Amino acid sequence: MPVVVTCPDCDGMTFTLEPCRCTTYGDRFLADADVPEPRREAYRGCEQCGGAGSIAYPCYRCGRRGQRRAQLVVTVANLDTGAVASHLVVPGGLDPHRDPAGHWVVALDSRVRDLAASVGAVVTDVDGPSLWLSKQWRPDLPAAQRHELEAHAILRGDHAPWRLVPGRSAAAPAVDPATRLARLCATADLLLLDLVVEARRQGPRLGWAIRYEVPGSPVPAGPPGWHRDLPEVLTHTDVANALTGLAERGRAVPARLLRPDSPRPPVTPAVDVDQLERRVLADCVDPAGGDELPGAQALWRDGRWWHTTLRPGEPVEILAEQPTGQVVRRVQVPMSRGYQPPDPSWLGEPVDWRPCPDCQPGSRLRACDCRLGGRPADLDCPHCCGAGLRPSALHCFTCGDTHRLHRTVLVTLTDLRHRVVHLTWQTGTPEVTPLVATQPNGKPVVQLPDRYRLGSWAAVLGARPEDLADVDGGHEFGKDLRDGYVTLPWAGADPVGEYVRSAGRGTAAGRLLVVAAAPDAPPLPELLRLALGLDLALVVGVYDLRHNAGDPLLADGLRWSVEVKPRDAPVKPDDLPYRPSLAAALAWCAECLADAVAGAAPTEPTTPIPAPWSRPRDLVVDPEPDLLRLAARHAGQPVTVRFTRAGCAVHRHDDDGVRLLAEGPDLRDLRLT
């Protein structure tokens, strides 16, 4: 039985009494965010505490149980062999030592290294959790008192009670900063984007960041990067990381045509990382007076580096409404480039556009729900009172907060290596668009020719239609863009225009960037072997909708889900597959693996956390063919298979819930009814 103690955060009351958010700004309706000291006086008109100054919250540390388990488990797994080893952290077995400051600390990194050696794994994240004991702890204290203090030290680190450290039999090759930078530059030339290397001041030090931008993007107002130097940020930033947030950074940039055939350097030259870093650091100091500047940038554009300083602009006052009913005033100082490089040679003429009719720039006003479906504003609407606009924290559904409806969308499809296709879709282009369906509200659905179908271009780049994803975040595309379907607001409307408006919603400078490549994912047998080694369940769901391929109004294809769950976790009716391919489901499972294992720890304090051990084991036979046959046999109904050490169980999702079809030691030997 694990050591169970009273939760120190709520003293066993299952709830905590916390100061209300309104006490931060005092009894004021309009407050300044940058106050020297928080005002602890409550706001008398607070909409959350009613002026009391404090609010009772359920204690999230104990899950409203009043008790917590003083136990941690660190597990190291060799992904190449399936071997697993664990270390149990409990009071009485900590073996603390003094740090240079004289504090007693329990560093688990040495335990992680020992576990990795026992399973033959090389791990990159050897920094295990460190537990700091209170000042009252001494090795000569009575055992009961020492164990109580150690239990509270464990509780301070139990936000992730079960920690998985994956490793491989051989160390992954180290990232060469120069090679990584050359790769990033080559991808920028391939996609016709800017690569921005930025150093910005963050207190006494500089924070580094690398990202892609569309030309004309402003300097982001967010915090600077957290990396200490250029080699470090290059080690941690690949192409996918640099593309993340591209649409948000370029949302306000007007669209311009592309000239992909314009003369450009054929080969990216070698880049001296040290020289580039020195130049950026030098630009962080004003050469005139020697004053420190907020930062500097280097932009890769047109086959060369352009250098510029960052300078503060005019302060901008921002008012933000709080849940308490108060309004907080903040002053932000935007950054701007001291030098703006010339336009790249591949940038063409501006694209025509019209203002979005469903939102207002500089405000949170968005189209009201009473106008859905093209209806006129309702004069009796309780939200907008007939104005047709209402405040909303969501993006505008019509334009995605670009506040522009571009008449041209620029589509770039790439494998992110060496192949790329640039397309231009323009409103008003006459096309033959046959009627393929009618929506329930009577609106016609037509289909555009192959050149407008992203799925048709996937084969050109050697990919499958289900592998298409947005380069910014990896989100999949719907059936409309994949197969060229568009719903017309009325008969006779411009189909290409409606398609362009939908495809360009929320894009950076009217550019839709699509990656056509299967995601980098571990094979299913490898994840299955790992789940069995951890004594957990690998839950695989598959949904065969291929019979809907000819219906533009219904989802089609195969839908997948792969999750690691506790061994006895039930299959829920709403656990439905939604990933477009098995590779996408496996990639997402691998990305969330550490969180999934942490969430597999029992919630009941009296139940111990499992500490699995497993010897190396062979890979199981790939169950994908059997899963495909199972899904085809139950086409139109989701099927979920739970794999555990005891065997597997097949469930089918019906209208009445989840039905167990069969269970046994092997999926291939099951007799399904």
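Is the range 396-452 rounded, prolate or oblate when judged by the Cα gyration tensor, a ≥ b ≥ c being the square roots of its eigenvalues, rounded requiring a/c under 1.5 and prolate requiring a/b larger than b/c?
Numbers: a/c = 2.06, a/b = 1.37, b/c = 1.50.
Since a/c reaches 1.5 but b/c is at least a/b, the shape of the range 396-452 is classed as oblate.
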Exercise for the section: Report, ordered by chain and residue number, the lysines lying within cross-link reach of residue 135, taken as a straight Cα distance under 20 Å and ignoring same-chain residues fewer than 8 apart. Expected result: none
Fill in the blank from the handout: Quick tally, 1.4 Å probe accessible area for 208, 588, 226, sorted with the most first, runs 226, 588, 208
Problem - Estimated inter-spin distance, residue 40 and residue 156, nm [label 7 Å along Cα→Cβ] - result: 2.3 nm
Completion exercise
Cα-based Rg and Dmax for the range 313-462, in Å, come out at 21.5, 57
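Which order do the peptides 527-535, 355-363 come out in when sorted by mean C-beta neighbours inside 10 angstrom, highest first?
Values: 527-535: 23.2, 355-363: 14.2.
The most tightly packed comes first, giving 527-535, 355-363.
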Problem - Portion, in percent, of the accessible area of the range 211-357 that falls on carbon or sulfur, probe 1.4 Å - result: 54 percent
Handout entry: For q = 0.26 Å⁻¹, Debye-computed log10 I/I(0) when each Cα of the range 136-197 counts as one equal scatterer
Key = -1.04
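Between residue 244 and residue 476, how high is the FRET efficiency from 1/(1 + (r/R0)^6) when r is the Cβ-Cβ distance and R₀ = 25 Å? Nearest 0.05.
Numbers: r = 16 Å, r/R0 = 0.64.
Here the calculated transfer efficiency is 0.95.
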Practice task
Can you tell me the FRET efficiency between residue 99 and residue 569 if r is taken as the Cβ-Cβ distance and R0 is 51 Å, rounded to the nearest 0.05?
Solution key: 0.80
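Ordering 248, 198 by accessible area with a probe of 1.4 Å, largest first, what comes out?
Working: 248 130, 198 5 Å².
These residues rank, largest area first, as 248, 198.
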Completion exercise
Given a Förster distance of 41 Å, the FRET efficiency implied by the Cβ-Cβ spacing of residue 47 and residue 502, rounded to the nearest 0.05, works out to 0.60
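Using only alpha carbon pairs under 8 Å that are at least six residues apart, calculate the relative contact order of the chain and give it in whole percent. Don't skip to the answer; put the middle values down first.
Values: 1403 pairs, mean separation 82.8, N = 673.
Reported relative contact order: 12 percent.
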Fill in the blank from the handout: Expressed in square angstrom to the nearest 10, the accessible area of residue 645 with a 1.4 Å probe stands at 110 Å²
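In the calculated pair distance distribution of the range 564-673, what percentage of Cα-Cα distances lie above 23 Å? Don't skip to the answer; put the middle values down first.
On the way: 2202 of 5995 pairs.
Of the Cα pairs, 37 percent sit more than 23 Å apart.
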Practice task
Could you name the lysines whose alpha carbon sits less than 24 Å from that of residue 443, not counting residues in the same chain fewer than 8 places away?
Solution key: 479
Problem - Cα-based shape type of the range 325-365, given that a ≥ b ≥ c are square roots of the gyration tensor eigenvalues and the cut on a/c is 1.5 - result: oblate
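If I stretch the segment between residue 337 and residue 363 completely, what's the gain in nm (0.36 nm per residue apart, minus their alpha carbon distance), one decimal?
Numbers: separation 26, 0.36 × 26 = 9.36 nm, distance 2.60 nm.
Computed gain between residue 337 and residue 363 is 6.8 nm.
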Exercise for the section: Compute the normalised compactness of the range 178-220: alpha-carbon radius of gyration over 2.2 N^0.38 Å, N being the residue count. Expected result: 1.32
Practice task
Could you pull the accessible area for residue 396 with a 1.4 Å probe, rounded to 10 Å²?
Solution key: 10 Å²
Handout entry: Disulfide-incompatible cysteines by the Cβ rule (no partner under 4.7 Å) in the chain
Key = 185, 284, 385, 589, 592, 648
Fill in the blank from the handout: Expressed as a whole-number percentage, the relative contact order of the range 332-401 with C-alpha contacts under 8 angstrom and at least six residues apart is 26 percent
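Relative contact order of the range 381-476: what whole-number percent is it, with Cα pairs under 8 angstrom and at least 6 residues apart?
Dividing the mean separation by the residue count of the range 381-476 yields 14 percent.
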Practice task
Any chance you could list P(r) for the range 141-282, counting all Cα-Cα pairs in 10 angstrom bins from zero, rounded to whole %?
Solution key: 9, 28, 26, 17, 10, 6, 2, 1
Exercise for the section: Compute the length gained on full extension between residue 252 and residue 431: take 0.36 nm times their separation in residues and subtract their Cα-Cα distance, giving the result in nm to one decimal. Expected result: 61.4 nm
Exercise for the section: For 457, 490, give the ranking by accessible area with the largest first, probe 1.4 Å. Expected result: 490, 457
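Residue 174 to residue 282: extension gain in nm, 0.36 nm per residue of separation minus the Cα-Cα distance? Before the final figure, lay out the partial values.
Numbers: separation 108, 0.36 × 108 = 38.88 nm, distance 2.85 nm.
Value of the extension gain: 36.0 nm.
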Completion exercise
Quick calc of log₁₀ I(q)/I(0), the range 482-574, Debye, one scatterer on every Cα, no solvent, q values 0.10, 0.13, 0.20, 0.23 1/Å, result -0.52, -0.77, -1.08, -1.19
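To two decimal places, what compactness ratio does the range 77-217 give when its Cα radius of gyration is scaled by 2.2 N^0.38 Å?
Working: Rg = 22.2 Å, N = 141, 2.2 N^0.38 = 14.4 Å.
So the range 77-217 has a normalised radius of gyration of 1.54.
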Practice task
Would you please classify the overall shape of the chain from the alpha carbon gyration tensor, given that a ≥ b ≥ c denote the square roots of the eigenvalues, rounded means a/c under 1.5, and beyond that prolate means a/b larger than b/c while oblate covers the rest?
Solution key: rounded
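The values are calculated or read from the model by the stated rules, or taken from the named source; none is laboratory data. Owing to the predicted nature of the structure, the values given are computational and were not obtained by experimental measurement. A quick note on method: Cβ atoms are made from the backbone with ideal geometry, for glycine too, and the neighbour counts reach across all protein chains shown. To get the accessible areas, we keep the full protein, side chains included, count just its heavy atoms, and leave off ligands, DNA and RNA. Shrake-Rupley method; radii C 1.70, N 1.55, O 1.52, S 1.80 Å.
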